[in-house]
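Please read the structure below before turning to the comments.
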2 protein chains.
Amino acid sequence: METLSEIRCFEGVQGVYRHDSDVCGCPMTFAVYLPPQAAAGPVPVLWYLSGLTCTHENAMTKAGAQGWAAEHGMAVVFPDTSPRGAGIADDEAFDLGQGAGFYVDATEAPWAPHFSMYSYITGELPTVLFRNFDLEEGAQAICGHSMGGHGALTIALREPERFRSVSAFAPIAHPAASDWGRKQFAAYLGTDEGTWAAHDATLLMRETGLDLPLLIDQGTDDQFLDLLQPEALAAAIAERRQPAILRMQKGYDHSYFFMASFMADHMAFHAEALFA
Amino acid sequence: METLSEIRCFEGVQGVYRHDSDVCGCPMTFAVYLPPQAAAGPVPVLWYLSGLTCTHENAMTKAGAQGWAAEHGMAVVFPDTSPRGAGIADDEAFDLGQGAGFYVDATEAPWAPHFSMYSYITGELPTVLFRNFDLEEGAQAICGHSMGGHGALTIALREPERFRSVSAFAPIAHPAASDWGRKQFAAYLGTDEGTWAAHDATLLMRETGLDLPLLIDQGTDDQFLDLLQPEALAAAIAERRQPAILRMQKGYDHSYFFMASFMADHMAFHAEALFA
């Protein structure tokens, strides 16, 4: 693992690192915020998964997470959203290929050789992270925005034992029924829709439920509401009598201004679970 | 004045606007954050002047000001740092021309026709602002980063009656004696150094002092410390027995991570003066 930068931030350190990923077959960059409490021993860790077009950098610079992470004493990890590079498949559309990994392991050409973001986020990057940073592996939480909200929800639904809490900002809540999902799942996973259900938060919620604290914020003026389909996930949660906090936030859109506005709530929510 | 965007943020509105500037001779873009309290009547306003290469957008997205502005109930204005456009003089260097107006009124070719950022920030933009937004003209404060810290300090030193408080992050504190200043003042104002003194915080402080609450934060690991020369301004403040808070912040650099880390302090400092 190579250190690209380490900058002091809220008495902690905002670092950016690169490592050679086996599952993605390319160098991958990620960011870690270590709060000041990390100097005294291992701290809990929140995974923050970003949305379409983002790298590790967007949330690191615009979401306003570090101040609250420092207050509560938790680390935050900001992974990239796909493999990247000249030799790696891509598409002209912003919502397919590089910057749009959708947190699945692609089985189809030309994506299969590199686009393994599910295995990367759930397997390889945790190994790199816990080997290189003094973090509490038993105290993890996960959060995400838009495509990253989809990632956070589906990963938590599939691997709930790894996390103490999960939250999402404006998640792609039912990708198997949305143009943000059907196009990408067809490309990455093939046209057999049976394989898609493992990556759809609404379908997973209906199937298995989720025994974790769950918080979802969604702006009522989000320009992508029709693609996100929060109503499908809300219905699945209600049908299962699933404990959850769903908040429709009046007037907010899909931007980082929305996320920054409620970041304090999400960080406090996760802190309550992580320090329980 | 044209509205480019208005986005809900911390229960207020983050807007971006454009107007035709007479003093700059081109359209100018600026951002205003209106806190939720603005819905009930006029609120105080903090000017936030940005540094080299920045537009209105950098601090708006990365400085983390809005949450604190909402808590205290003050507006924040984020102006651009220079005139911009195809027909406007520029230089290949990042620290001269577009993105580097240095908050002076240029008298020299080729800059004089458009580079009038002092008059723009102190005259024209306030007129536009108070005509279009319901703000307390009698409750203004000013803050800035790097080149914008230079702008905030020199404007407050020259027009203290307009402001209730002034603060800066890593300001260019003595430009008449720095490569961040001499080059630009020579280009914009000519080689007669007598004209430079009106735009040098250290020289102005020595000459006139400042009867305003003053807060300056400077990182000890700032990569530009030799260009910023905080020691010159610190000496001038001490020599004049000028009330001020100067903080050398251990380990911090020149980035927005530094600013975000201490934004809460600066906003509380200004709020104390604005709501006195």
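Things worth noting here:
- Semi-axes of the equivalent ellipsoid for the range A:2-275, Cα gyration tensor, largest first, Å: 26, 23, 17
- For the axis carrying chain B to chain A: nearest C-beta residue of B, whole Å: B:Gly64, 3
- Here the 3J(HN,Hα) profile of the range A:146-158, calculated from phi with Karplus coefficients 6.51, -1.76 and 1.60 at θ = phi - 60°, is 6, 4, x, x, 4, x, 4, 5, 5, 5, 5, 5, 8 Hz, Gly and Pro shown as x.
- Gain on full extension, evaluated as 0.36 nm per residue between B:Glu161 and B:Glu108 minus their Cα-Cα distance, stands at 16.1 nm.
- The A:Thr127 and A:Asp192 beta-carbon pair, evaluated with R₀ = 41 Å, returns a calculated FRET efficiency of approximately 0.85.
- Scanning residues 5 or more positions from B:Gly219 or on other chains, those with amide H under 5 Å from its amide H are B:Ala170, B:Gln249, with H placed 1.01 Å from N in the peptide plane.
- The alpha-carbon atoms of the range A:67-168, seen along their principal axes, cover 42, 27, 27 angstrom, with the largest extent given first.
- In terms of the mean number of neighbouring beta-carbon atoms within 10 Å, the peptides B:218-228, B:200-210 order highest first as B:200-210, B:218-228.
- For the range A:174-201, the residues whose backbone nitrogen is under 17 Å from a point 7 Å from the Cα of A:Gln223, taken along Cα to Cβ, are A:180.
- Here the range A:102-229 is treated as a sphere whose radius is the Kirkwood value from Cα pairs; by Stokes-Einstein at 4 °C and 1.567 mPa s it diffuses with a coefficient of 86 µm²/s.
- Chain A, relative contact order [Cα under 8 Å, separation at least 6], %: 17 percent
- Hypothetical label at A:Arg18: residues of the range A:35-76 whose amide nitrogen lies under 15 Å (7 Å Cα-Cβ projection): A:56-57
- Burial ordering of A:Arg131, B:Arg182, fewest other beta-carbon atoms within 10 Å first: A:Arg131, B:Arg182
- In plain terms, if you count all Cα to Cα distances in the protein assembly as shown and split them into 10 Å steps from zero, the share in each step is 4, 18, 25, 24, 17, 10, 3, 0 percent.
- Its relative contact order, with pairs defined as Cα atoms under 8 Å and 6+ residues apart, puts the range A:120-181 at 31 percent.
- Under the Karplus curve 6.51 cos²θ - 1.76 cosθ + 1.60, θ = phi - 60°, whole-Hz ³J(HN,Hα) for the range A:222-239, x wherever Gly or Pro sits: 5, 5, 10, 3, 5, 7, 7, 6, x, 4, 5, 5, 4, 5, 5, 5, 5, 4
- On the beta carbon distance between A:Thr208 and A:Ser119, with R0 = 25 Å, the FRET formula returns roughly 0.80.
- Exposure proxy ranking for A:Glu159, A:Glu124, based on other Cβ atoms within 10 angstrom of each Cβ and starting from the fewest, stands as A:Glu159, A:Glu124.
No lab work stands behind these numbers, since they all come straight from the coordinates. What you see is a predicted model, and the numbers here were worked out from it, not measured in a lab. Heads up, the Cβs are rebuilt from the backbone with ideal geometry, glycines too, and the neighbour counts pull from every protein chain shown.
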